[in-house]
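Inspection log for the structure reproduced underneath, given as structure tokens.
The values are calculated or read from the model by the stated rules, or taken from the named source; none is laboratory data. Treat the numbers as computed from the prediction; the structure is a model and nothing was measured. All Cβ positions, glycine included, derive from the backbone under ideal geometry; neighbour counts span all protein chains shown. The protein model used for the area step is the full one, side chains on, heavy atoms only, and it has no ligands, DNA or RNA in it. Shrake-Rupley method; radii C 1.70, N 1.55, O 1.52, S 1.80 Å.
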Amino acid sequence: MRIDARGMHFSALNEIVRSSADAEIEIDNCIGQRYIACGLSGKKITVNGTPGNALGAYLDGCDVTVRGDVQEATGDTMNAGCICVFGSAGDATGYAMRGGRIFVEGNVGYRCGIHMKAYKENKPAIVIGGKAGSFLGEYQAGGIIVVLGDGAEGSPVGNFCGTGMHGGEMYIRGDALPKTLPPQVKAERLERFPEGEAAQLVRQWCDAFGKESERYLSSPCFRLTPDSANPYKQMYTPN
Amino acid sequence: MELFVHGDYEVVRNPDLCIACRVCERQCANEVHWYDETAGKMKAYSDKCVNCHRCVCLCPTHALKIVKTDDTYKINANWNNATINEVYKQANSGGVLLSSMGNPKPYPVFWDKMLVNASQVTNPPIDPLREPMETKVWLGKRTVKIERDEKGRLKNTLAPQLELSVPVMFSAMSYGSISYNAHESLARAAEELGIYYNTGEGGLHKDFYKYGKNTIVQVASGRFGGFKGYLETAAAIEIKMGQGAKPGIGGHLPGAKINEDVSQTRMIPRGVDAISPAPHHDIYSIEDLRQLVYSLKEATEYKKPVIVKIAAVHNAAAIASGIARSGADIIAIDGFRGGTGAAPTRIRDNVGIPIELALASVDARLREEGIRDDVSIVVGGSIRSSADVVKAIALGADACYIGTAALLALGCPLCRSCHEGKCNWGIATQRPDLVKRLNPDIGYKRLVNLVTAWNHEIQEMMGGMGINSVEALRGNRLMLRGIGLTDTELSVLGIRYAGQSL
Ligand code: SF4
Ligand code: SF4
């Protein structure tokens, strides 16, 4: 089904999306409606325009494609599925994600991937084509974040990358180490993206956006991992 | 150099009664008791004793007692023993002092400074044993637009509500901070009582989905365990912004407490610390809060009430006014005496305000602004008895959360060492040998007993006032009088002094 979202309130739009029996839904003229695809599963949703905050929050297995930019809290606490953004994404993209994939062609704002976590087969991933704002992967507890840094001069990530990180991994393409890395984050320089999950994600991202993967895979990158799973252990004294 | 710090308690064993059966040794996870083969008798390392009373209760000959140590530094009203010891502990380790359960300091307890009214002569008391007495309450928004369909019939526009048979619920305690058996006891008791228990921020164990209609699930900054199925199962969703025992800081479950089951429930690897940051990093304003409230409502199709829980802090009234406008259905306020599985000592003991004062000012503010019916108010943070419940309702609450009182019902003697993860009563621990000491078949019945008894008492007190439903008691501050309070305290509480008539 195709929905013209012009002038529509988010609750009306989302009600149509939720109750539609169609497996494929295309939303045109989207202009800031929040919570699209919130908690949904089993649908393929294309959004033309600019969806509002919390697109695909608690997403439970939909394929969401956005032809345009997305705003804040995209994929908040998302569980499964894929969000593919042909544009840039705002702050807190993939907050507390616990599964599925978010592919962003352009840049992301602050606090992307904060508090991502993973358990066994549930392993979330975010791939960012451009740059990421400060606090990327803050409190990261699992999953994988890849920043490809198209258009970046120097490191493609902002300040305080990985603050409080205690699980998972990040791959930051390029030769420049992120500034102000916290002491509990270990950075390892690699000559190219290692085969395995990271390279596979880069290939999927390239397929989605029609890019040539070897150009990205053959670049040097930094792999960031936490030094310890319990960074705050020594901080406390029983009283 | 590590300075020796003497323990607070000493184990006293009556040698005439002790039969050296070694029960105490087996029962103590703190490894206080031991059998001295050469001497042929039981001995104790008192310094390790947390005074949990497990051995005292289980000793077959009642040979044991625990006493406060009389070891002391030079008597000093300013630098007392505990204060000196805390300095030593920190100088030894460099660590932040970590405690648990509620603030034990001698701050005023305003519940104990309010007295309840009773009818005499002019309006008759009601006998709850013979006359109907309604303790059922509904939580949720009460503001409705009257709308009619084309045939003129009333449309149901009432927002989703929680129905409670007694105005008491079990407050948030996460699986992880407390055990599987403790959770099972709470869930089963909530079901039998027709009330709700709260998962806390640790997610919901798969075995407990079946208690969904009596479950409130929590969404906190760490977003553990939160996904569609979790939200869908619950009767209501609580956004945790703060907790009375530790306002302004987040949660931190040490990796040592993350066993396989907890790991699966929280969806983080075993042994990794579970950290809930202090703020929700997507909420810096009431507008942002509104976004989370609505994303949860959208995800659950507007079928479940959303609760926003805050700690009682200085500006609670203004914050509550914002929450009432955020789309939330229920505000939960947690006072500074509320319990916790672990909190930095300094925060637990110095941050926040008493729930009595916070409740009175929130209720007054919402009424002043004409938005009191937009939300229900639930209060916790040391509700210790049915009398506290009655006073809270008269001050303006719709219902109360109880946490510590519920754990006491399960056997907890309030030893305040939950943060050690070695709870001898099987409550605040994940050690299988300890967890199995708490039998949920017995535990849930004790919880049912407690709340049932409170319900009778609430009915009796209401009957005495000539009131036959909780609805009629709510916000009825004329039923309260203060004793031993200053004018300012009376004005914050919005009540008169004992002896002052209308
Ligand atoms: S449980 Fe009582 S009788 Fe048994 S060893 Fe301990 S103190 Fe002695
Ligand atoms: S729950 Fe256990 S550790 Fe915590 S205070 Fe009660 S008995 Fe002590």
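For the stretch B:44-70, filtering for residues that are open to solvent by 70 Å² or more (accessible area, probe 1.4 Å) and away from ligand 2 (no atom under 16 Å from the Cβ) leaves 7.
For the stretch A:157-166, filtered to residues that are open to solvent by less than 10 Å² (accessible area, probe 1.4 Å) and within 14 Å of another protein chain (Cβ to nearest Cβ), the residue that is modelled with the highest pLDDT is A:Gly162.
Results for (1) within 22 Å of A:Asp60 (Cα to Cα); (2) aliphatic (A, V, I, L, M); (3) under 22 Å from the mean Cα position of the chain (by Cα); (4) at the interface with chain B (Cβ under 10 Å from one of its Cβ atoms), shown as yes or no for each residue.
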residue	(1), (2), (3), (4)
A:Ile3	yes, yes, no, no
A:Gly7	no, no, no, no
A:Phe10	yes, no, no, yes
A:Ile16	yes, yes, no, no
A:Asp22	yes, no, no, no
A:Asn29	no, no, no, no
A:Gln33	yes, no, yes, no
A:Cys38	yes, no, yes, yes
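List the number of the failed condition for A:Ile83; all other conditions in (1) open to solvent by less than 20 Å² (accessible area, probe 1.4 Å); (2) within 13 Å of the chain's Cα centre (by Cα); (3) in contact (Cβ under 8 Å) with a residue 40 or more places away in the chain hold. A:Ile83 satisfies every listed condition except (3).
On the basis of being closer than 30 Å to B:Cys52 by Cα, away from every other protein chain (no Cβ under 14 Å), within 16 Å of ligand 1 (Cβ to nearest atom) and open to solvent by 30 Å² or more (accessible area, probe 1.4 Å), does B:Arg437 make the cut? In short, yes. Tell me, yes or no, whether the stretch A:172-190 has at least one residue that is modelled with pLDDT of 95 or more, within 28 Å of B:Gly255 (Cβ to Cβ), away from chain B (no Cβ under 14 Å) and in contact with a helix residue (DSSP H, G or I) (Cβ under 8 Å, 6 or more places away or on another chain). No, the stretch A:172-190 contains no residue that is modelled with pLDDT of 95 or more, within 28 Å of B:Gly255 (Cβ to Cβ), away from chain B (no Cβ under 14 Å) and in contact with a helix residue (DSSP H, G or I) (Cβ under 8 Å, 6 or more places away or on another chain).
Residues are listed down the side, and each one gets a yes or a no for (1) of a type in the set (Ser, Thr, Tyr); (2) in contact (Cβ under 8 Å) with a residue 40 or more places away in the chain; (3) out of contact with any Ser or Thr (no Cβ under 9 Å at 6 or more places or on another chain); (4) within 15 Å of ligand 2 (Cβ to nearest atom):
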{"site": "B:Glu369", "(1), (2), (3), (4)": "no, yes, no, no"}
{"site": "B:Val389", "(1), (2), (3), (4)": "no, yes, yes, no"}
{"site": "B:Ala394", "(1), (2), (3), (4)": "no, yes, yes, no"}
{"site": "B:Ile402", "(1), (2), (3), (4)": "no, yes, no, yes"}
{"site": "B:Leu408", "(1), (2), (3), (4)": "no, no, yes, yes"}
{"site": "B:Arg416", "(1), (2), (3), (4)": "no, yes, no, yes"}
{"site": "B:Gly421", "(1), (2), (3), (4)": "no, yes, no, yes"}
{"site": "B:Leu434", "(1), (2), (3), (4)": "no, yes, no, yes"}
{"site": "B:Asp441", "(1), (2), (3), (4)": "no, no, no, no"}
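B:Gly341 - would you say it is under 25 Å from A:Tyr95 (Cβ atoms), within 9 Å of chain A (Cβ to nearest Cβ) and open to solvent by 10 Å² or more (accessible area, probe 1.4 Å)? Spelling it out, it is not the case that B:Gly341 is under 25 Å from A:Tyr95 (Cβ atoms), within 9 Å of chain A (Cβ to nearest Cβ) and open to solvent by 10 Å² or more (accessible area, probe 1.4 Å). Filtering the stretch B:351-363 to residues that are over 16 Å from B:Gly250 (Cα atoms) and open to solvent by 30 Å² or more (accessible area, probe 1.4 Å) leaves B:Ile353, B:Leu357, B:Ser361. Within the stretch B:139-182, the set of residues being among the hydrophobic types (A, V, I, L, M, F, W, C), free of Cβ contacts under 8 Å to residues at least 24 places away in the same chain and not in a loop (DSSP other than H, G, I, E, B) comprises B:Leu154 only.
Among the residues making up the stretch B:107-128, those that are outside any loop (DSSP other than H, G, I, E, B) and either free of Cβ contacts under 8 Å to residues at least 40 places away in the same chain or open to solvent by 60 Å² or more (accessible area, probe 1.4 Å) (or both) are B:Asp112, B:Lys113, B:Leu115. For the stretch B:36-43, indicate whether the set of residues that are within 16 Å of ligand 2 (Cβ to nearest atom) and in contact with a strand residue (DSSP E or B) (Cβ under 6 Å, 6 or more places away or on another chain) is non-empty. No, the conditions are met nowhere in the stretch B:36-43. Being of a type in the set (Val, Ile, Thr) and either within 19 Å of B:Ala234 (Cβ to Cβ) or within 16 Å of ligand 2 (Cβ to nearest atom) (or both) is a property that B:Ile178 has. Being closer than 15 Å to B:Met241 by Cβ and touching a residue at least 24 places away in the same chain (Cβ under 8 Å) is a description that does not apply to B:Ala299. Confirm whether B:Thr404 is away from ligand 1 (no atom under 16 Å from the Cβ) and open to solvent by 10 Å² or more (accessible area, probe 1.4 Å). Judged against the criteria, B:Thr404 is a match. Here A:Asn79 fulfils each of the conditions (1) touching a helix residue (DSSP H, G or I) at 6+ places or on another chain (Cβ under 9 Å); (2) at pLDDT 95 or above apart from (2).
Let's see how each residue does on (1) of a type outside the set (D, E, K, R); (2) more than 9 Å from every other protein chain (Cβ to nearest Cβ):
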{"site": "A:Thr50", "(1), (2)": "yes, yes"}
{"site": "A:Ala57", "(1), (2)": "yes, no"}
{"site": "A:Asp63", "(1), (2)": "no, yes"}
{"site": "A:Val70", "(1), (2)": "yes, yes"}
{"site": "A:Phe86", "(1), (2)": "yes, yes"}
{"site": "A:Gly90", "(1), (2)": "yes, yes"}
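Taking the stretch B:467-502 as the range and being without any contact (Cβ under 8 Å) to a residue 12 or more places away in the chain and open to solvent by less than 30 Å² (accessible area, probe 1.4 Å) as the test, only B:Leu490 passes.
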